[in-house]
Amino acid sequence: MLMRFFLFLLHAVLCVSLSVPVFAAEKTVVLASLNWPPYTGTELPGQGASAEVVRAAFNAVGYDVEIRIFPWVRAFNEARHNLDVAGYFPEYKSVEREKYFLFSDRIGKSVIGLVERSSAPVHWDEVADLKKYLVGVVRGYVNTASFDSMVKAGEIRVDESVSDLFNLRKVLAGRVDMAVADINLFNYLSNSDEQLSSRKGELSVNPHLLGINDMHVCFRNGRTGEKLMKAFNAGLQLIDVNGIQQAYFNELYENISK
């Protein structure tokens, strides 16, 4: 009888020890992202402002988050093809992306502008006015619907780079007339990149903004993605998205300026 009791106890312990890692794995979400400061990046505190928002929202509903930073194109492909990765962020909404992903509620806003040489400002009123210029863009990025549709139609000439930093350096060197960039990203790179900061004032944001985009987490289409998106959206309702992002920016820029 005593032996049977010990065998039962051993079986129970083994069942519990085996079930705990499985449960923990189910409560950890793996997401892909890219180096896109100050929103995401390997060298940023907490991996960036958007990463802090995503982590807080998931934590609020009992999930842990693992964020893997890749070059942009790989981040997208990891989220689309690697079943260990549930999605990626931050992303703007687009019809093309909605073929493969479910978009969460808003995790922040991105103000999109055109960075130009201060000595050669561009005057434009409508997107069509940009046809006569060469515009720097990042390969694979969504920008704004009107701009992207004209680029796709071949009506606006663009020069592609692999990153925003390369784009801004091209503007500085006069290789392109302007570059599409998020304003917070431009401000961050203008203060943190040695080449740009040493020539601060030579680049500026055109006063006519290209647009304002909401940012989202993209979850892979399917039952699991839908479950995670619903949980994440519920978590977003429990946190102060704008407050977390603004507090992050305030501290980040204060440290950069020291």
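The values are calculated or read from the model by the stated rules, or taken from the named source; none is laboratory data. Computed from a predicted model, the values in this text were never measured in an experiment. As a convention, Cβ positions derive from the backbone with ideal geometry for all residues, glycine included, and neighbour counts pool all protein chains shown.
Data overview
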quantity: Subset of the range 162-189 [hydroxyl-bearing (Ser, Thr, Tyr) and either touching a strand residue (DSSP E or B) at 6+ places or on another chain (Cβ under 6 Å) or surrounded by fewer than 20 Cβ atoms within 10 Å (Cβ to Cβ) (or both)]; calculated: 163
quantity: Selection from the range 160-214 of residues that are in a loop (DSSP other than H, G, I, E, B) and under 20 Å from residue 129 (Cα atoms); calculated: 174, 175, 176, 177, 206, 207, 208, 209, 210
quantity: Residue count, the range 62-84 (criterion: touching a residue at least 60 places away in the same chain (Cβ under 8 Å), over 16 Å from residue 216 (Cα atoms) and surrounded by 17 or more Cβ atoms within 10 Å (Cβ to Cβ)); calculated: 1
quantity: Among residues of the range 35-54, those that are in contact with a strand residue (DSSP E or B) (Cβ under 8 Å, 6 or more places away or on another chain) and buried (at least 23 other Cβ atoms within 10 Å of the Cβ), counted; calculated: 9
quantity: Residue match in the range 117-132 (condition: at pLDDT 95 or above, crowded, with 17+ Cβ neighbours inside 10 Å and within 27 Å of residue 48 (Cβ to Cβ)); calculated: no
